[in-house]
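Enquirer: The following block contains the structure, expressed as structure tokens.
The values are calculated or read from the model by the stated rules, or taken from the named source; none is laboratory data. Keep in mind that this is a model prediction, so the values were computed, not measured. Cβ: placed from backbone, ideal geometry, glycine included. Neighbour counts: every protein chain shown. What goes into the accessible areas is simple: the full protein's heavy atoms, side chains included, and nothing from ligands, DNA or RNA. Shrake-Rupley method; radii C 1.70, N 1.55, O 1.52, S 1.80 Å.
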Amino acid sequence: MNNAYELFTAVPKQHNCAQAVADGFGDHALSAAMKVCGGGNAPYGRCGALHAALLLTDQACHEELIREFTTAAKSEKCKEIKGSAEPFPCAECVRLAAELVEKFRS
């Protein structure tokens, strides 16, 4: 079991969404690289948690992983997720991304 959600919600805050997912799976080098990927700053405007999940899984499963993430969060883009009439909380994006890494990681 990973601890991405706990890392993201810890006080004081030390992880953005992408870092929490990376560190939750013990990839500290990836976590350091993900420092700039929170708050909608991941490539393509993606949710940072989703971006980290994609980097932690094999490319062969990315289409399905993105599909499952967007079904729950209603978008893969951070600003759309946060700006919708019914926003999906960042902590839930982290939880979902971590669950999908567990599901699709080889």
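Enquirer: With no solvent and one equal point scatterer per Cα, compute the Debye intensity ratio I(q)/I(0) for region 5-106 at 0.14, 0.21, 0.25 Å⁻¹ and report its log10, rounded to two decimals.
Expert: Rounded to two decimals, the profile gives -0.43, -1.01, -1.43.
Enquirer: Show me the ranking of peptides 54-62, 34-42 by mean Cβ neighbours inside 10 Å, starting with the highest.
Expert: Sorting 54-62, 34-42 by mean packing, highest first, produces 34-42, 54-62.
Enquirer: What is the set of long-range amide H partners of Arg46 at a cut-off below 5 Å, with H atoms built 1.01 Å from backbone N?
Expert: For Arg46, the qualifying residues are Cys78.
Enquirer: Where does each of Ile66, Ile81 land when they are ordered by accessible area, with a 1.4 Å probe and the largest first? Let's see the in-between values first.
Expert: Numbers: Ile66 30, Ile81 5 Å².
So the residues, ranked largest to smallest area, are Ile66, Ile81.
Enquirer: Using 21 Å as the Cα-Cα cut-off, could you pick out the over-long pairs in Lys13/Lys82; Lys13/Lys74; Lys35/Lys77; Lys82/Lys103; Lys35/Lys82? Intermediate values should be presented prior to the final figure.
Expert: Numbers: Lys13/Lys82 19 Å; Lys13/Lys74 26 Å; Lys35/Lys77 18 Å; Lys82/Lys103 25 Å; Lys35/Lys82 19 Å.
In this structure, Lys13/Lys74; Lys82/Lys103 lie more than 21 Å apart at Cα.
Enquirer: Which whole-number value in Å² is the accessible area per residue of the chain, probe 1.4 Å?
Expert: 54 Å²
Enquirer: Still on this structure, please answer the following. Pop out the carbon and sulfur fraction of the accessible area of the chain as a percent, whole number, probe 1.4 Å.
Expert: About 54 percent, which is the carbon plus sulfur part of the accessible surface.
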